[in-house]
Every structure is written in C-alpha cells, then in structure tokens.
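Since the structure comes first, as structure tokens, the remarks are kept for the end.
The values are calculated or read from the model by the stated rules, or taken from the named source; none is laboratory data. Since the model is a prediction, treat every value here as computed from it, not as a measurement. Heads up, the Cβs are rebuilt from the backbone with ideal geometry, glycines too, and the neighbour counts pull from every protein chain shown.
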Ligand code: ATP
C-alpha cells in the first residue's frame, strides 16, 4: 500500500448514469475496508472548486446500490476548464487533506482529470459512467446495460400499440456519435431496422426494407434510430419521408429522451460498479494513476486514460449481421 494516500476523494461528473451510486458505494466501502478516509465531493469539478465536500464512511452509502442518478450530484463546470479554476480546486483538496481522486464520468471528465493530474500530480483513477458505452478500454460502461433494459422495455410497450394499429414506429434512442444502444436494444426488441451513425443505411435501402417487411406480412414495424444517425434526416423528417414514399404505412415517432438515463440499475451494472470501485481504490493504493478501470473478457482491467479518451469504440459487426438475419 502506498504510504502517502490517506484520504481519497470520490466524485461523479458529466452526464449521470445508472450504476454511479453503486460505484460510489464501492469506492467508499473499499476505503473503509482498507482503513483510509474517503471524502465525497459534490457536483463534480464545480463542487471541488467550491470545497463542497462531505466525509463518507461505510454507513454513508447504505441503501444506494439500487438507486439511479448520483447521490453526489453531477455538474458541468466551465470554471474547471480554466487554469484559475483548477488552482482553486487543488487548493480545496489540499485544505481538506485529499491526496487522491476517483472520478466517475465520461470522456470529458477524464480529459479534465488528465489535465489536472499533469498540473498538480494528484493521482486519479477513472470509472467509466455513461449510458452510451462509447469509451475505449472497456466493453461496458456503467449504465449501458440498464439503459438497454429500459429501452427494450419501452419498445415492447410501443410494439403492443404498433401491432394493434398496423403502424410503423420510428423510435429515437440516445447515442450522439455511437449506435451501441440502438443496435443492442434494436436486436433485443426485435426491431425491423436499426439506424446508427456508424453505418449509413441510406434512405433507398430503408424504403426497400420496409416495403419487404410489409409484403412479408408483418403487422407492425419498429425502426430504432440512434440520435446521431447519419441519414441526413432527423427522426421526424424520416417519418415524413417514409410516409411520402410509402403511403401504405401509418407512421408515428417516439423520442425516448432522458428516461434512458434514469431508473434503478440492473444487476449487471451493480456488480460491474462494485468491481470497478474496488479496483479503482486498489490501483490508487498501489501507487497507480491516470488509468481508467474497465472490463474486458470479464476481467477488470486498467487502461491509460489518455488512450481511453482518444480511442474509439467499434460497433459490433457480428451483431449487425445477426440483426440483418433476424429481420428476414
Ligand atoms: P458525458 O459523456 O455523459 O457527457 P462527460 O464526462 O463527457 O460525460 P462533459 O460535460 O464532457 O461530460 O465533462 C464533464 C466536466 O469535465 C466538464 O463540465 C468540465 O468541468 C470537465 N472537463 C471536460 N473537458 C475538460 C477540459 N478540456 N479541461 C478541463 N476540464 C474539462
């Protein structure tokens, strides 16, 4: 164990995701187990700048493993992106005796962590918390599995009404730059088409596919569209385009929005968060820094944050093939 680290600060930053509370709980309890102090930092980097800290012990995190959101709150801080802001944050950490950090967030939060570490040499370990699953160095980010379950649940419900009225539904799901939610939830919910940013299906092929689908006797159709899809049309324009070119369809749109970020975390996310929190604290105590905890081949791994930020996740081509076969 590193002799220097006596108090670890933990915070959540950027967009919240289900499983963040389970990760906070894991970090706090691992600190207690290792007999070192733990400080909760509220509202991400902004709370760090303002010294919004609260000591946490094993009992401070009772009954939060099942809760969505983050008890430490999250924030986006413009001030932390300035040298002056980061100096204030460092001074607050010094005053509170915090000598290492665990940041739970996305790539923006990790970028801030890396810059801060370079300037002030405060050891930092990252835990990837985002529903988009768009972070290199981990097969799964915290919240992704829960978001998939939420989306599949909603699509199942929409399918009930779609098939009762023979309708075609365009369902927009989250994913600005990546289609992991759309592809996985689309396959899980039996969508007829899945539009993702990584693959431009093209409007012609979409029309052909929908036509085939109707001719093959399907009574309803679901098209899952990632918000960052590159067909050049948003989900409402897509609906109008299809209605215009395929009047056989009665189309509707449903934009799922922020509900995808909420809710009680799935068992998978709770277990993942527990494993990641333990690894984050252990890594700090072993003298490591600027690494992100991930899961690869069901093993908990560490990847340099610099790589995690720069690398890009790849869409699962095999799953795309499965999707094509399933929509025969
Ligand atoms: P999500 O993927 O859900 O959006 P995120 O962690 O990427 O999560 P961001 O809003 O991009 O969310 O970043 C969170 C915070 O990290 C910012 O509000 C800012 O305080 C800090 N941050 C981001 N980029 C930088 C940077 N270049 N320098 C310093 N701090 C940064």
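Identify, please: which residue in the stretch 137-165 is assigned to a loop (DSSP other than H, G, I, E, B) and within 12 Å of the chain's Cα centre (by Cα) and is, among those, surrounded by the fewest Cβ atoms within 10 Å (Cβ to Cβ)? Here the answer is 139. Residue 143 meets all of the listed conditions (1) more than 14 Å from the ligand (Cβ to nearest atom); (2) closer than 28 Å to residue 235 by Cβ; (3) at pLDDT 95 or above but one, namely (1). Considering only residues in the stretch 1-20 that are part of a strand (DSSP E or B) and farther than 17 Å from residue 106 by Cα, the one that is nearest to the ligand (Cβ to nearest atom) turns out to be 9.
Among all residues of the stretch 58-67, there is none that is in contact with a helix residue (DSSP H, G or I) (Cβ under 9 Å, 6 or more places away or on another chain) and within 16 Å of the ligand (Cβ to nearest atom). Taking the stretch 250-268 as the range and being outside any loop (DSSP other than H, G, I, E, B) and touching a strand residue (DSSP E or B) at 6+ places or on another chain (Cβ under 6 Å) as the test, the residues that pass are 250, 251, 252, 253, 254, 255. Scanning the stretch 280-300 for residues that are in contact (Cβ under 8 Å) with a residue 12 or more places away in the chain, out of contact with any helix residue (DSSP H, G or I) (no Cβ under 9 Å at 6 or more places or on another chain) and not in a loop (DSSP other than H, G, I, E, B) yields 283, 284, 296.
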